[in-house]
Amino acid sequence: MTDWFVRNVVDTGRLRLFCFLVAFIGAFLFIRFSVRMIRAEVKWWPKNVTPGGLHIHHVVFGLVFMMIGGVGGLAVQSGRSLWAALAALLFGIGAALVMDEFALVLHLEDVYWSERGRLSVDAVFLAVALTSLALVGIKPLGLDEAVAPEGTDPRAVAWILTGVALVNLAFALIALAKGKVWTGLLGVFVPTLAVFGAVRLARPHSPWARARYPEGTRKLQVAQERETKFRVPQMRAKAAVQEFLAGRFGPAPAKREDAVPPEDDHTSQSSNSP
């Protein structure tokens, strides 16, 4: 196992990426466990950080860790040193804390436990998937599969690689326009997925469907039928996995009438998420 790790992770220059991914997953699982304990009002678990009544969300700590880890990683010369690994660990921890409150940052309001809060879990899952693909050595846009004949002029090789990248990127963008986010983004690393998503029928509410499937057309009808038959069960299964790992989501918490109003647009009171 040690030989495999050295050969496939250290010798390939992916040690920092490995440390980032391990720290990212570990920090996400820990912070989700923590907020669930706080939500359940477990007496022996530490509560929210609220100095002077101001709730400090964990995205703030995440930004600090990312700055320390990012700047530290840039300052370290060798990618195989202990300091480089520690910087990657700090950056991974910070990234997990930030991504766990992605929905809160996007909406600029406390939607942590609401249905809109599921977006944070989706963002974390997607980040883990893309980082894992990079860790195993898969290059984006099919560049690891592009092969030029031996003896080809270097300039021709550059054009070949550029062409392959642009074609694969086009398929990925079409898949995204058809409302297939996971297929499109993962397709950046696995072009076959992007092609599959690009040639398939678009989701009914996607930009592609709105532009190319007029109301009453057969394509729109089939897209809506597929959404009900396949997409809805998939979303239920995904929601079950989300709530198993991250806790139960529901309606946004009601605002207390006696709550102190925020001092400005950047300071808010909250009682449901760190």
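The values are calculated or read from the model by the stated rules, or taken from the named source; none is laboratory data. Since this is a predicted model, take the numbers as computed values, not measurements. Glycine also receives a Cβ, built like all others from the backbone with ideal geometry; neighbour counts cover every protein chain displayed.
Computed quantities for the displayed model
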read-out: Condition met for Phe189 (under 21 Å from Ser132 (Cα atoms), under 25 Å from the mean Cα position of the chain (by Cα), modelled with pLDDT under 90 and of a type in the set (Phe, Trp, Tyr)); value: yes
read-out: Residue match in the stretch 75-83 (condition: of a type in the set (Gly, Ala, Ser) and surrounded by 17 or more Cβ atoms within 10 Å (Cβ to Cβ)); value: no
read-out: Helices (runs of 4 or more DSSP H) within the stretch 48-146 that include 2 or more residues of a type in the set (D, E, K, R); value: 118-135
read-out: For Leu63: the one exception among (1) surrounded by fewer than 17 Cβ atoms within 10 Å (Cβ to Cβ); (2) at pLDDT below 95; value: (2)
read-out: Selection status of Phe189, of a type in the set (Phe, Trp, Tyr), within 26 Å of Leu169 (Cα to Cα) and surrounded by 20 or more Cβ atoms within 10 Å (Cβ to Cβ); value: yes
read-out: Number of the condition not met by Ala23 [criteria: (1) among the aliphatic types (A, V, I, L, M); (2) surrounded by 14 or more Cβ atoms within 10 Å (Cβ to Cβ); (3) over 29 Å from Ala75 (Cβ atoms)]; value: (3)
read-out: Leading residue by the ranking (surrounded by the fewest Cβ atoms within 10 Å (Cβ to Cβ)) among those in the stretch 192-210 that are farther than 25 Å from Val128 by Cβ and without any contact (Cβ under 8 Å) to a residue 12 or more places away in the chain; value: Val199
read-out: Where Ile38 falls short, out of the listed (1) in a helix (DSSP H, G or I); (2) crowded, with 20+ Cβ neighbours inside 10 Å; value: (2)
read-out: Matching entry among Glu109, Glu41 (being of a type outside the set (Lys, Arg) and on the phi < 0 side of the Ramachandran plot); value: Glu109
read-out: Which numbered condition Asp110 fails, given (1) crowded, with 18+ Cβ neighbours inside 10 Å; (2) modelled with pLDDT under 90; (3) more than 24 Å from Gly247 (Cα to Cα); value: (3)
read-out: Some residue of the stretch 136-144 being modelled with pLDDT under 90 and surrounded by 19 or more Cβ atoms within 10 Å (Cβ to Cβ); value: yes
read-out: The stretch 10-61, subset without any contact (Cβ under 8 Å) to a residue 24 or more places away in the chain and of a type in the set (Phe, Trp, Tyr), residue nearest to Val124 (Cα to Cα); value: Phe30
read-out: Verdict on Arg16 being assigned to a helix (DSSP H, G or I) and closer than 17 Å to Glu101 by Cβ; value: no
read-out: Qualifying residue in the stretch 217-237 (condition: assigned to a loop (DSSP other than H, G, I, E, B) and at pLDDT 85 or above); value: yes
read-out: First in the stretch 227-245 and over 14 Å from Leu119 (Cα atoms), second anywhere and of a type outside the set (Ser, Thr, Tyr), Cβ under 6 Å, 6 or more apart; value: Glu227/Pro204
